[in-house]
There are 2 protein chains.
Amino acid sequence: MRRARYSCGVENEVGHEIAEALGILLRRTTRAQLHKRLTEGMGEAVDEVTYPVLSALARTGPRSAAELAPDAGVDRSGVTRRASRLEAAGLIRREADPTDRRAHLLVLTEEGEAAVTELRARLAAHIMRSLSSWPPGEAESFARQLRRFTAEGPFA
Amino acid sequence: MRRARYSCGVENEVGHEIAEALGILLRRTTRAQLHKRLTEGMGEAVDEVTYPVLSALARTGPRSAAELAPDAGVDRSGVTRRASRLEAAGLIRREADPTDRRAHLLVLTEEGEAAVTELRARLAAHIMRSLSSWPPGEAESFARQLRRFTAEGPFA
DNA sequence: GGTAGTGCGTGCGCCGCGCACGCATCTCCT
DNA sequence: AGGAGATGCGTGCGCGGCGCACGCACTACC
């Protein structure tokens, strides 16, 4: 396969390899599996359904439900409903946008920030546990390439 | 952060970096998004719901619904239902297990194999399109590390 | 100032999912 | 050999999330 090169300088086989690995990875990291385990014992409001909203909000900062929807991968109404659950649990609150009294900005409360910190630590620890056996330096380069892949890759 | 090392020899920051990148990646590669676009125009039976079953079956070879269930990430009954749809479309068929007359082995038909080939090519091409700008060799090493990460990683 | 446009929350119908049941078949023990 | 428990499969059922579309509040523009 060394000869089957393309103009881009990358072999086609690599695309299939990455596709297969991604397929495996994605199957293991569904909400029903990863997010469910990750949010165990985090209270009633934080589960595999509300987690994406909470996480997206933490990443982007205070935003409206409509802005959060494409980032969370669900319909705007879904964000509203999940936000209501999180609001009832005191993890986020709805703030009136001072410039537009129609808009309700979703913003994390103190408890919400703490929950996100905890969840991030859990996930990072979970990943680190298996990266510990990697040769030094490889994990760093993998993280760098993964970051690049998500930033300018096909799923940007 | 150069000083905050752990016994494993990998910095904790890397765990957070990978976690964040994975989070972004996973949000972009939901069934509702990636698999939906991927299966567009592949006929009525092949959609984002039946795709995981079709893909898993292609990877593992002829298996029963119960064996396929954990690999597809859904309940056994879900596999049965999706398999029925794929069977009606002629992409798979149920074969009686010669050693156990209770068991129905799911096996891809000629058309099913063709569909999987097409889907794999689509995904690989989609990935390759953005990998083309990478320096030569980096895509290969990324694929290798990704493979390792899925094989012996936290989601194995 | 009035009309079209925008943002939000919610009711409704649909669909996938997990649980549990029934039937067919296998296994093992006596 | 034969019966009892175990196993595999398909299916009915209730639950819950999702997308669509509507109504209401407010804004922007003419």
Using the Karplus curve 6.51 cos²θ - 1.76 cosθ + 1.60 with θ = phi - 60°, what ³J(HN,Hα) values do you get for each residue of region A:101-114, in whole Hz, with x for Gly and Pro?
6, 6, 6, 10, 7, 8, 9, 5, 7, 4, 5, x, 4, 5
For the protein assembly as shown, what is the Kirkwood estimate of the hydrodynamic radius, computed as the reciprocal of the mean inverse distance between distinct Cα atoms, to one decimal in Å?
21.4 Å
Helix A:51-60: angle to the longest alpha-carbon principal axis of chain A, degrees 0 to 90, nearest 10?
90 degrees
Based on alpha-carbon centroids, what's the gap between region B:100-119 and region A:78-113 in Å, whole number please?
47 Å
Rounded to whole Hz and in sequence order, give me ³J(HN,Hα) for region A:136-146 from the Karplus expression 6.51 cos²θ - 1.76 cosθ + 1.60, θ = phi - 60°, writing x for Gly and Pro.
x, x, 6, 5, 5, 5, 5, 4, 5, 5, 5
Averaged across A:28-36, how many Cβ atoms of other chains sit within 10 Å of each residue's Cβ atom?
4
What are the residues whose amide H is under 5 Å from the amide H of A:Ala103, where those residues sit 5 or more places off or on another chain and H is modelled from the backbone?
A:Asp97
Phi angles of region B:75-92, converted by Karplus (6.51 cos²θ - 1.76 cosθ + 1.60, θ = phi - 60°) into ³J(HN,Hα) in whole Hz with x for Gly and Pro, give 5, 4, 5, x, 4, 4, 4, 5, 5, 4, 5, 5, 5, 4, 8, x, 8, 9
What value, in deg cm²/dmol to 500, does the helix sum -39500 (n - 2.57) over DSSP H runs of n ≥ 4 give at 222 nm once divided by the residues of the protein assembly as shown?
-17500 deg cm²/dmol
D (µm²/s, integer) via Stokes-Einstein for region B:39-152, Kirkwood Rh across alpha-carbon pairs, 20 °C, 1.002 mPa s: value 137 µm²/s
Here the whole-number average of other chain Cβ atoms within 10 Å per Cβ of A:132-138 is 5
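Only the coordinates and a few stated rules stand behind these numbers; no lab work does. The structure displayed is predicted, hence computed values, not measured ones. Here Cβ is always computed from backbone atoms with ideal geometry, including for glycine, and neighbour counts include all displayed protein chains.
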